[in-house]
Amino acid sequence: MKTLANKKVNLLINNQEVPTQNYFEVRDPGKVNELIGEVALGTSEDVDTAVKAAHNAFLSWKNVDVRERVRLVLAAAGVLEDSMSELKYLLVKEHGGVLWEAETDFYLGNGVLNYYASIAKDYMESEQIEDETSWISVEKVSKGVVGAIVPWNMPVILTMMKLAPALVTGNTIVIKPSPTAPIALSILLQKMAEVLPDGVINVIHGNAEVGSALTQHPLVKKVAFTGGTETGRAVATNAAKSFKALTLELGGNDPAIILDDAQIETIIPKLLKGVYTRSGQICFGVKRIYVQENMIEKFYNTFCEFVDEYKVGHGLDERASFGPLNNKKQFEYVKNLIEKTKQSGATVRELGQKLDPDGWDNGYYILPHVVKNISHSSPIVSSEQFGPIIPIIPYKTVNEAVAMANDSEYGLGSSVWSSDFEKALAVAKQIESGSTFINSHSFDSLSLGMPFGGIKDSGIGRELSGESTLSAYINYHSIRYVK
Ligand code: NAD
C-alpha cells in the first residue's frame, strides 16, 4: 500500500492546475481527526473559465474523427486501469467504503469507458432515407460542453457514466466532484486528461454555488447530474432557464418483494449485498423488504442471524464488512432516523460488532440495524435512509405487496425474489420503477447496455445504455433534399 500523504488538489482547466484563494479540508470519515487533503474551493468565475476552456476545446474535438476519439478514450481507460492500485486506498480513506467497494468503483468505471468506446462508431453513423421525392440524412451532432455533477458514494463509475458517452460523441466536459470525495477522482481525471487534447476534461470544485453556476452557464448544453432528489430539483430549475438537455439520477427507495416460494437461506446472503453494501449508501440499494406474513418470523430471524455476523470498521481494515457513513450530515440524519423509528414503537435491533470500539466515536460508524413491526407510513419506510438500517414489512397477498412497493415518490430500482421465474416476472412487470431485478439487487444486477435510471422523483433519463444514453449527448440534424 502506498503512503497516503496529504494531498493538495487544484482545479483542472485546460490541462493546467489552477490554484484558488481558498481551500477546503477533506477528512477520513473513519478517522475524522485525520486530514486527507485540501481541495481548491472554486467560484462562479472559475466555473466560467472552465466552461470557456471546455467550449474552446469542443470546437476542435467535435471534428476529430470518431475512431480517433475512441482511441483516446481507450487510452484514458488504460490510465484508469493503471491508476487503480494506487488510488483505491485514497478513495477508501475519503469516501468511507471498504477496499472491494472502491475496487468495484474503478472496475465498473473502466467497463463503462470500454463499452462506450466499443459502440460509438456505429452509433455516430448518419442515417439516409431516400424515396422518389426526396433524400434525407439524419446526422448526429455533438452538443457542446457537458456539465457533470457527481456525489460521493461511487464517484468513479458515476463520473465515467457521464464522461464516456460525452467524449465519444464529441462533447467536452466540466466535472464537479462531491466535496466529500473529490481527491482520488480528481487525481484520476487529471491523469486521464493528460492523454486527451487540452480542455476536453476539466474539473472544478466547490459547493452548491459552484454546482449551480455550472448548471446555469449559457455555454453548457447538457447537464448530467447524480445526487439527491432535492438537489436534482434545483438543478432542473436552473437548467430549464436555458433549456439544457438534462439527465438526472436521483434518490431511490427500492423495494424488494420476497415471494412465498423463495428459499430464505439462499436469498438472504444475496439480499444483504443489496442492503448493506457501502453502508447502505447506494442509490439503488434495497431500502425496504416485503415478506409474506406466513414466513416473516422465519425470514426475520434468519436475516438477523446473518446480519449479526457483520463487522463494522475502517475500510482499510480487511475484516470490515462495511465502513463508516461518508459525512457528518448523513451520519446525523441516519442516527436521527433510527431514534425516531425506536420512538415509534417499532422493533429495532442493532446487530453486528464494532471492530475498533476505542476508535468508534472518531468516525461516522453505525452498526447494522433491522426493523420490524413498523407502520408503512413511517419515515424509515417512506424516505430514503441511505444508511445501514432496513425495515421488513409483512404482506398478505402479492397484490398488496405490489401496491406497497409502488406507494412511493421514488422509482429507481426494485427486486422480486422467488424460486419460480415466471411468477417473479409477472410480479416484476407490475412494479413502477426504472429497473426490476429478479433474485439479485446489487452491483451484479446492472449490465452494460441495460438502461439504468429512475421514474417519478428518482430522475429523468437513462445511463449505462446504448441508444437511450447516447441520444442524450447529441443533437439530431436532419438534412432533406427535395428532388
Ligand atoms: P447531493 O445532492 O447533496 O450532492 C450531489 C452533488 O451536487 C454534489 O457534487 C454537490 O456538491 C452538488 N450540489 C449541491 N447543491 C447543488 C446545486 N444547487 N446545484 C448543482 N449542484 C449542487 O447528494 P449526495 O449527498 O452527494 O449523494 C447522495 C444522494 O445521491 C442520494 O440521494 C442518492 O440516492 C443519490 N444518488 C443517486 C444515484 C443514481 O444513480 N440515481 C447514484 C448515487 C447517488
Return an integer: the convex hull volume of the alpha-carbon atoms of the chain, in Å³ per residue.
148
For region 222-281, what's the radius of gyration and Dmax over Cα atoms, in angstrom?
17.7, 53
Go through region 252-360 and name the chymotrypsin sites (Phe, Trp or Tyr not before Pro) that are in a DSSP coil and have 10 or fewer other Cβ atoms within 10 Å of their Cβ.
none
Once region 374-473 is represented by equal point scatterers at the alpha-carbon sites, with solvent omitted, what log10 I(q)/I(0) does the Debye formula produce at q = 0.17, 0.18 Å⁻¹?
-0.88, -0.98
Mean separation of Cα pairs under 8 Å and 6+ residues apart, divided by the residue count of region 254-447: what relative contact order is that in percent?
30
Other-chain or far-sequence residues with amide H under 5 Å of GLN292's (modelled H):
ILE258, TYR395
If you plug each phi of region 239-247 into the Karplus form 6.51 cos²θ - 1.76 cosθ + 1.60 with θ = phi - 60°, what whole-Hz ³J(HN,Hα) values come out, in order, with x for Gly and Pro?
5, 5, 4, 10, 6, 6, 5, 9, 10
What FRET efficiency do you get for ILE129 and SER44 if R0 is 60 Å and r is their Cβ-Cβ distance, rounded to the nearest 0.05?
0.85
Please list the non-local residues whose amide H lies under 5 Å from the amide H of GLU34, H modeled 1.01 Å from N, same-chain partners needing a gap of 5 or more.
ASP28
Show that you can apply the helix-only estimate: for the chain, add -39,500 (n - 2.57) for every DSSP H stretch of four or more residues, divide by all residues, and state [θ] at 222 nm to the nearest 500.
-12500 deg cm²/dmol
Surface per residue (accessible, 1.4 Å probe) for the chain, Å²
40
Heavy-atom SASA rank of ASP46, ASP444 (probe 1.4 Å, accessible area, largest first)
ASP444, ASP46
Among the listed pairs LYS7/LYS31; LYS88/LYS221; LYS328/LYS372, give every one whose C-alpha distance is greater than 22 Å.
LYS88/LYS221; LYS328/LYS372
Expressed as a fraction of 2.2 N^0.38 Å, the rule-of-thumb size for a compact globular protein of N residues, what is the C-alpha radius of gyration of region 254-447?
0.98
Run the simple label-point estimate for ASP317 and HIS477 please: 7 Å along Cα→C-beta, distance reported in nm.
5.8
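Leaving ligands and nucleic acids out of the surface, order LYS354, LYS8 by accessible area at 1.4 Å, largest first. Could you put the intermediate results ahead of the total?
Values: LYS354 95, LYS8 125 Å².
Final ranking, largest accessible area leading: LYS8, LYS354.
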When the chain is fully extended, how far beyond the present Cα-Cα distance does LYS8 get from LYS429, taking 0.36 nm per residue of separation?
146.6 nm
Karplus-derived 3J(HN,Hα) from phi for region 55-61 (6.51 cos²θ - 1.76 cosθ + 1.60, θ = phi - 60°), whole Hz, x at Gly and Pro, runs 5, 4, 5, 4, 4, 9, 4
Where does helix 183-194 land angle-wise versus the long Cα axis of the chain, in degrees 0 to 90, nearest 10?
30
Roughly what % of DSSP beta bridges within region 254-447 run antiparallel, to the nearest 5?
15
Provide ILE455, ILE149 ordered by accessible surface of protein heavy atoms (probe 1.4 Å), highest first.
ILE455, ILE149
With a 1.4 Å probe and every protein chain kept in, tell me what percent of the accessible surface of the chain is carbon plus sulfur.
50
Can you tell me how much longer the chain between SER118 and SER383 gets when fully stretched, taken as 0.36 nm per residue apart minus their C-alpha distance, in nm with one decimal?
91.5 nm
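The values are calculated or read from the model by the stated rules, or taken from the named source; none is laboratory data. None of the values given here were measured: they were computed from a predicted structure. All Cβ positions, glycine included, derive from the backbone under ideal geometry; neighbour counts span all protein chains shown. Note: accessible area is taken over every heavy atom of the protein model, side chains too, but ligands, DNA and RNA are not part of it. Shrake-Rupley method; radii C 1.70, N 1.55, O 1.52, S 1.80 Å.
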